[in-house]
Amino acid sequence: MTDSKDSVPNEDEPQVEGDATNAEQPEDLIEAEGPDVEVPTDAPAGGATDLSPEDEALLADAARGIAEDKLSTEDRDLVAEMRADMLRAQAELVNFRKRVERDREANREVAIAEVVRALLPALDDLTRAEAHGDLAEGPMQVIGQKIRGGFEKFKLVQIGEKGESFDPNIHEAIVQLPTPGATGQTVADVVEPGYKLGERVLRAAKVAVAVPA
């Protein structure tokens, strides 16, 4: 005998019609309201973003300002004093580096000047040989050109020319020649040329000076 309870459907249980796999059809789904949000696949984990150095500096300054606002007046004065000491130390370091670089360049110029000054007698011989025509042709002419080219690389300049005004800074007067009609002191003749290395006078030119009679 069949139990009458099995033949009566239970009104509390949901009635499923058809295949269970067709229970949720696309038209039965409710579309969510609101704009679509595109989530980048390469976003950094944890919501972190890349900041420029300027932005990082601004954030650091803001954080430092917030921290200083919480300090007492004495602590704030101490922080300001320490910051001033740090800036002063940085300025002294920059000045020290500039002095070291300046001294290094000055020492280099002094070393070059000493070497060139030691070679001036050989350069004098070269000038005299050229004046006698010994460098007009042949291998000595090429050698002389190379030697002078090497000196010019270090900005070596010959000073002392006939007819220019006498300058005690670059001329050494070995004789004075009273000259009628002369209105000032001029170089009448160059006995030995002088040389300058940049702005440094290595040797003054030895000259004869024409003076008013």
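The values are calculated or read from the model by the stated rules, or taken from the named source; none is laboratory data. All values reported here derive from a predicted model rather than from experimental measurement. As a convention, Cβ positions derive from the backbone with ideal geometry for all residues, glycine included, and neighbour counts pool all protein chains shown. For the accessible areas, the whole protein counts, side chains as well, though only heavy atoms, and no ligand, DNA or RNA atoms are used. Shrake-Rupley method; radii C 1.70, N 1.55, O 1.52, S 1.80 Å.
When you scan region 191-201, do you find a residue that is of a type in the set (Lys, Arg) and not in a strand (DSSP E or B), even just one?
Among the residues of region 191-201, not one is of a type in the set (Lys, Arg) and not in a strand (DSSP E or B), which makes the answer no.
Might you check whether a residue that is under 16 Å from GLU199 (Cα atoms) and modelled with pLDDT of 90 or more occurs anywhere in region 144-154?
There is no residue in region 144-154 that is under 16 Å from GLU199 (Cα atoms) and modelled with pLDDT of 90 or more.
I need the full set of residues from region 202-213 which are part of a strand (DSSP E or B) and not charged (D, E, K, R), in order please.
Those that are part of a strand (DSSP E or B) and not charged (D, E, K, R): LEU202, ALA205, VAL207, ALA208, VAL209, ALA210, VAL211, PRO212.
Condition first: in contact with a Ser or Thr (Cβ under 8 Å, 6 or more places away or on another chain) and either of a type in the set (D, E, K, R) or open to solvent by 80 Å² or more (accessible area, probe 1.4 Å) (or both). Now tell me which residues in region 127-164 satisfy that.
Matches in region 127-164: GLU164 only.
Out of (1) open to solvent by 70 Å² or more (accessible area, probe 1.4 Å); (2) outside any helix (DSSP H, G or I), the odd one out for ASP167 is which?
The one condition ASP167 does not meet is (1).
For VAL115, which of the numbered conditions (1) at pLDDT 90 or above; (2) open to solvent by less than 80 Å² (accessible area, probe 1.4 Å); (3) not basic (Lys, Arg) fails to hold?
In the conditions (1) at pLDDT 90 or above; (2) open to solvent by less than 80 Å² (accessible area, probe 1.4 Å); (3) not basic (Lys, Arg), VAL115 misses (2) alone.
Every residue in region 175-189 that is open to solvent by 90 Å² or more (accessible area, probe 1.4 Å) and part of a strand (DSSP E or B), please.
Scanning region 175-189 gives GLN176, PRO178.
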